[in-house]
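Asker: Dumping the structure here so I can ask a few things about it.
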Amino acid sequence: MTEPTGPNLPPESPEEAAATGTLASRISLRQRSGGIVVPVLTAVVAFLLGGAVVAATGHNPLRTYNDIFNGAGLNWFAHPTTDTALTAPYNLSQTLLQTTTLILTGLAVAFAFRCGLFNIGGQGQYFVGLFVANWIGTSWVTMASGPHILIGILAAAAAGAIWAGIAGFLKATVGAHEVISTIMLNWIAIWVGTYLFGKGGPLQNSQNSAVPISNDVVDKARLPVFWGDQVLQGVHIGFFIALAALVVFWLVLNRTTLGYEVRAVGFNPEAAAYGGISVSKNVIRAMAISGAFAGLAGGLDMLGYLYRIGVSDIPVSAVGFLGIAVALLGRNTAVGVGLGAFLFGALLFGTTHGLQSGAIDPQLASNLTYIIQGLIVLFVGADILILYLWNTRRRLWRKAQA
């Protein structure tokens, strides 16, 4: 679809926006001009500082990172094989499972960002998608496999959209800040799950009332596995659904009127409203679309490899929050989110399952992921400074050559 034009609409590109002379426009132009440099430098600096922390504890950072690399299955690319009974392909398959989830939780944050909203409720939206998928997957046991899976996936995405849409509605109608409302909705989702699967809860395991855990998703509602063994958490077709979501994200933002309006509101809501764009409508639907991505992540996890959830599993999950780092590192772009999700997926699995050489205590290594995640968020927030230092280096190099 073609994008609307008109003298009252805000400029479409950062270059045109910069001509207005506003500070926000000039910052946007500088950020866009950084291209791939800023996220790459951000990741490199984060890993260097993470290595310095490892060295300060008396361990070898090179051996540690090598263990994480192998533990994530990235050494598979040197010797490709489809036999997941071997260590490298199995580890890579687990990394891809993590990547699938992080792509979608990253998109949940990125889409809202493009509308000028900070959706930190991806965790709650992920949970409600997970809960609904479990309910669908453990019910209607006589239904055919295809419709059962499809309904479970769509219901999970719809649940996430409704959950995030609440925050969008509050923002659009009474001005409630989405950060506050999404934080509260995260906690509500956690306690709803605790009630549903806790002792005496409506979705608790029907076989043993003493165990606060859900029923297992029936076989016909489980996503088909295309690589690996389903019992050993093989890679399911949800991986391709996540890749398709990246394409949908790009198409919606860049090739539809809806995407144009979302970007216009995110760039300058006052100018967008002056140009005839409904800010309130776009806030609500941007949050709903963001929530649909996170809810879809929960649905794919439940129907793809988890199959059950216990009360003790709920508080330890953090994939929704990790989606924030993925989106920031990926600069809220489809390609960037995909690469950022793969990076963090490798870190998550590699730090918990790859430290076989004893280079570092596994308990310390699990915290290394959080250290690198925090550093990336810190440096992404200072991307203008990183870009300035990068350009300064180039200017000094040119002077030295002259």
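Quick note: the coordinates plus some simple rules give every number you see, no bench work behind them. Note that the structure is predicted; figures quoted are calculated from it, not measured. Counting neighbours? That spans all protein chains shown, and the Cβs are built from the backbone with ideal geometry, glycine included.
Asker: Set the Förster radius R0 to 45 Å, insert the Cβ-Cβ distance between I162 and L86 as r into 1/(1 + (r/R0)^6), and round the FRET efficiency to 0.05.
Answerer: Values: r = 43 Å, r/R0 = 0.96.
Calculated value: 0.55.
Asker: If a/c stays under 1.5 just call it rounded; otherwise compare a/b with b/c (prolate if a/b is bigger, oblate if not). Do that for the range 27-401, with a ≥ b ≥ c from the square roots of the Cα gyration tensor eigenvalues.
Answerer: oblate
Asker: Sticking with the crude label model, points 7 Å out along Cα→Cβ, report the distance from R398 to V316 in nm, one decimal please.
Answerer: So the label points at R398 and V316 sit 5.4 nm apart.
Asker: Any idea how far apart V247 and V141 come out in nm if each label point goes 7 Å out from Cα toward Cβ?
Answerer: It works out to 3.7 nm between the two label points.
Asker: Determine the gain in length on full extension of the stretch L232-R308; use 0.36 nm per residue of separation and subtract their C-alpha separation, reporting nm with one decimal.
Answerer: Taking L232 through R308 to full extension adds about 25.9 nm, to one decimal.
Asker: Still on this model: Volume per residue, Å³, of the convex hull around the alpha-carbon atoms of the range 125-169?
Answerer: 52 Å³
Asker: FRET efficiency for N367 and I188, Cβ-Cβ distance as r, R0 = 30 Å, nearest 0.05?
Answerer: 0.55
Asker: Can you tell me the order of 39-51, 123-135 when each peptide is scored by its average per-residue count of other Cβ atoms within 10 angstrom, highest first?
Answerer: 123-135, 39-51
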